[in-house]
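J.: Supplied in structure tokens, the structure appears directly below.
All of the numbers you see were taken from the coordinates with simple rules; none came from a lab. Computed from a predicted structure; not experimentally measured. Positions of Cβ are backbone-derived with ideal geometry, glycine not excepted, and every protein chain shown enters the neighbour counts.
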Amino acid sequence: MKKLFVVLAILFIGILLAGCTSQPAAPAATPTPTPVPTEVLTAVPTAEPTKEVVVVVVNKTTPEVTATATPAPVPTYTITFTQDLTIVPDATAYVKVGTKVIWQNTDPYKPHTIQANDVVLGQYFGSMNPINIPYGESYSVVFDKAGSYDYTTGPFQPQMEAKIVVTA
């Protein structure tokens, strides 16, 4: 405790001495002489005016404006496989022609499959073989013709008959 008291006392005395030192006075200002104005000669203006050249650039060809069609957004419909072995929103989907149907697997425990029940849907799927959709991935098809398309889900969930109904 005595050591702490001694250190604090030395610091206190050091701060007092530092505050008591005097600074040298600022040097006295010396007056600076003011310059004596001198006469400046300027050139005598001439009677000849200066000449300006104006250049006009004319673009003879104007680019033709062509309208660019903005593609209409493709409507989408998402069918989700859940971990409780269901399809959300329902096993039958009603969509308009041109809709992109997306099968999304959100089941972290197993992949899910879809398989066409007829040749027409098999053409949309690319084959009649089952399409495996691993967890976190999706498979999509744009339906461009009206009709009813049956498919089966499985095999890692109870096999379910499902349908896409496409209207004009």
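J.: Please work out which residue is nearest to D144 (Cα to Cα), limiting yourself to the stretch 87-97 and to residues that are in contact (Cβ under 8 Å) with a residue 12 or more places away in the chain and surrounded by fewer than 16 Cβ atoms within 10 Å (Cβ to Cβ).
T.: It comes out as V97.
J.: Here is a further query. Please determine whether any residue of the stretch 160-168 is loosely packed, with under 14 Cβ neighbours inside 10 Å and within 31 Å of the chain's Cα centre (by Cα).
T.: no
Quick grid of which residues meet (1) in contact (Cβ under 8 Å) with a residue 60 or more places away in the chain; (2) under 22 Å from Y94 (Cβ atoms); (3) assigned to a loop (DSSP other than H, G, I, E, B):
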residue: Y109; (1), (2), (3): no, no, yes
residue: T113; (1), (2), (3): no, no, no
residue: V120; (1), (2), (3): no, yes, no
residue: Q123; (1), (2), (3): no, yes, no
residue: N129; (1), (2), (3): no, no, yes
residue: Y139; (1), (2), (3): no, yes, no
residue: K145; (1), (2), (3): no, yes, yes
residue: Y149; (1), (2), (3): no, yes, no
